[in-house]
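The structure appears below as C-alpha cells.
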Amino acid sequence: MSAKPDFSKNQNQAKTAPAFLSVWDMHSYYGESYIVQGISFNVHEGEILALLGRNGAGKTTTLRSIARLDDPQVNHGEIWLDHQPLHQMKSYEASVAGLGLVPEDRRIIPGLTVEENLQLAQIAPPIGWSLDRLYDLFPRLGERRKQEGITLSGGEQQMLSIARALARDIKVLLLDEPYEGLAPVIVDEIEKTLRHIKDQGITTVIVEQNAVRALQLADRAVILDTGSIVFDGTAADVLENEALRAEYLAI
C-alpha cells in the first residue's frame with residue numbers, strides 16, 4: 001500500500017491546453033492501492049499511441065480510468081476528449097462523448113448473434129458506421145452475422161469487439177491486449193484493420209504485451225513503470241533504443 005500523495009505540490013505544475021485526448025496529472029487507485037501516480041500525456045487526433053510497460057505498470061488501470069469506469073477510482077487529475085471534460089463524466093457519458101473501450105476479455109454478450117451484438121451498440125440512426133460498412137471492414141463477421149457471438153473463434157471475437165466499439169461512432173478507440181492468445185496470422189489481420197481504422201481518422205490507444213508489434217503499428221509510445229511515465233516519444237525511438245527496451249519492456 002502506498003501513502004496518499006500531497007496533491008498540493010502539483011498546483012504549480014505547468015498545464016497545457018488539451019490535445020485531442022489529454023490526460024493531466026491523473027492518480028488512480030484500487031481501494032488503498034495507489035496504481036497510477038500522477039501521469040500526464042497527450043494523444044493527437046488520428047494517431048496510434050502504444051501504452052507500454054511490464055506487467056503491473058498501470059497500463060490497464062490507465063485505460064479504465066480514461067474510460068471512466070467505476071473501478072479504478074480516479075482521485076485526482078483531468079481527462080479531456082476533443083475539449084470535453086471526461087473527468088466530470090460517468091462511463092456511459094464518456095461513451096456518448098466518443099470513447100470506445102475494447103477490454104481484454106472482449107465482453108461478447110451471450111445469447112446474441114454477431115449482428116445483434118452490433119445492433120445493440122449501434123446508435124440510431126448510424127452516422128458513420130452502418131452494418132454494411134462494418135461488414136466491409138470485417139468480412140468474417142458478415143459471413144457469420146447470424147452466428148452466436150460467443151461461439152466465434154478468439155480472433156473473430158476480437159474483431160466483433162472492435163466492430164461493436166466502432167458501431168457507436170467513436171472518436172477514440174482504447175484497446176486492451178488485442179493480440180492476447182491470437183495466432184500471428186490473425187494478429188496480422190487485426191493490425192491491417194487497425195491501420196484502416198486510423199485511415200478513417202479514428203484515434204487509437206493500444207495496450208499490448210507484444211511490445212514490438214505494438215510499436216511497429218504505433219506513431220508514438222508512452223512507457224509506464226510502477227505507475228509513472230518513464231518515456232513519451234515516437235515509437236521509432238523506442239524500437240531504436242535497445243537499452244530502453246531492455247530496462248522497461250524486457251525486449
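Counting only C-alpha contacts under 8 Å and six or more residues apart, can you give the relative contact order of segment 111-221 as a whole percent? Across segment 111-221, relative contact order equals 28 percent.
Between Gln216 and Glu104, the FRET efficiency from the beta-carbon distance, with R0 = 30 Å, is close to 0.90. Across segment 175-251, the mean sequence separation of Cα contacts (distance under 8 Å, 6 or more residues apart), normalised by length, yields a relative contact order of 23 percent. The radius of gyration of the Cα set in segment 66-143, together with its Dmax, comes out at 15.2, 46 angstrom.
Rounded, prolate or oblate: which one fits segment 203-251, using the alpha carbon gyration tensor with axes a ≥ b ≥ c (rounded when a/c is under 1.5, else prolate when a/b beats b/c, else oblate)? Rounded, since a/c falls under 1.5. Electrostatic tally near Arg145: other residues with Cβ closer than 14 Å to its Cβ, Lys and Arg +1, Asp and Glu -1, net -2. Principal axis extents of the C-alpha atoms in segment 98-241 (largest first, rounded to whole Å): 47, 31, 26. Dividing the mean sequence gap of close Cα pairs (under 8 Å, 6+ apart) by how many residues the chain holds gives a relative contact order of 25 percent. Computed from phi, the 3J(HN,Hα) profile of segment 233-245 under the Karplus parametrisation 6.51, -1.76, 1.60 (θ = phi - 60°) reads x, 7, 4, 4, 4, 5, 4, 8, 9, 5, 5, 4, 4 Hz, with x in place of Gly and Pro. Evaluated on the chain, the Kirkwood hydrodynamic radius is 18.6 Å, with distances taken between all distinct Cα atoms.
Every number in this text was worked out from the coordinates using simple rules, so none of it is lab data. For clarity, every value in this text was computed on a predicted model and none was experimentally measured. Cβ coordinates were reconstructed from backbone atoms using ideal geometry, including for glycine residues, and neighbour counts include every protein chain displayed.
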